[in-house]
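What follows is a single structure, written as structure tokens, with notes after it.
What follows draws every value from the coordinates through simple rules; no lab data is involved. Quick caveat, the model's predicted, so the values are computed rather than measured. In this analysis, Cβ positions are derived from the backbone assuming ideal geometry, glycine residues included, and neighbour counts consider all displayed protein chains.
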Amino acid sequence: MSHSRSTPATSLSITVMTLNLHEGEQRSESPNSWERRRDICVSVITSYSPIIFCTQQGLRWQLDYLQQCLPGYDQFGISRKGSQDNTDEYCTIFYEKEKVELTEGGTFWLSESPSVPGSISWGATAPCIATWATFQLKRVESPGFSFQIVNTNLDKDSPRARRRSALLTWQHIASLPPNLPVIYCGGFNTQKESMTGRFLLGRSREHGVVGDMRDAWPNARVRKNVSLIHTYHGFKGIHPVYFIVVTNFICPFYEETNVGLSQITMFFYIKRHSLHVSKKTLL
């Protein structure tokens, strides 16, 4: 994102990562168990020191482990069954409390009743949610810099549920101030050329509405170390189902590297300049 100013803008950077924690209930002897992956997750997060990282499919005890190991962060989000539940999956947003202030946030259900906890519609097989949070960078010149993160995990079985969920989320994003930068990330569980992906990117309609977001990948001017492996367990699908779409960002850099045991997508935002994307698929 660029702004015209009479004096040079100060470049400020933030780092944001998104991780699918996945398979929390697998036996400890499994090579994909959380016990075998958790310390690598913490190590990578610590190495890159993101201001914000988002998680999908996290269970309460997985999130508690990350919180214990990363005390510089607070977290925002509730279970997909509601605020009174701590047994089901979360889409959580962790944020570095000394660098950003959480100014507002919420959760809505990807259903015909978005304010009803645990609600399911459109042939989905489980409740799905979108967790959103607006942040303001601390210690920057007035009036500061704000942006919003939307973190989700769409239904894996129903194409209709994914399309309608994307529509519902886009309606939320479209209701925001037009100059507010937004990062919409998580598990879309579909390819970019699907009806869901095409809708978000403004290439098809859903109930007469067209999305207007940008895919971080094709808009990158530089792409580094791109692989075809998009999951921690080594499924070699040609097309990723975890990707990032944005508004009010420019994306000059995208990197993908295989380094360990969980899927992590990482990207950098430079204030008033650009969004840098670096995707780490940890095998």
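Take the Cα radius of gyration of segment 15-99 and divide it by 2.2 N^0.38 Å, N being the number of residues; the result is 1.05.
Taking amide hydrogens as placed 1.01 Å from N in the peptide plane, the amide H of Glu89 sits under 5 Å from those of Arg80, each at least 5 positions away in sequence or on another chain. Loop-resident trypsin sites (Lys or Arg not before Pro) (DSSP state other than H, G, I, E or B) in segment 132-183 with no more than 16 further Cβ atoms inside 10 Å of their Cβ: Lys138, Arg139, Lys156. Sparsely packed loop sites in segment 81-187 (the GluC sites (Glu not before Pro) outside DSSP H, G, I, E and B with at most 12 other Cβ atoms within 10 Å) comprise Glu98, Glu112, Glu141.
Couplings 3J(HN,Hα) of segment 158-173, computed from phi: 9, x, 5, 4, 5, 4, 5, 5, 5, 4, 4, 5, 4, 4, 5, 5 Hz, in residue order, whole Hz [Karplus 6.51 cos²θ - 1.76 cosθ + 1.60, θ = phi - 60°; x for Gly and Pro].
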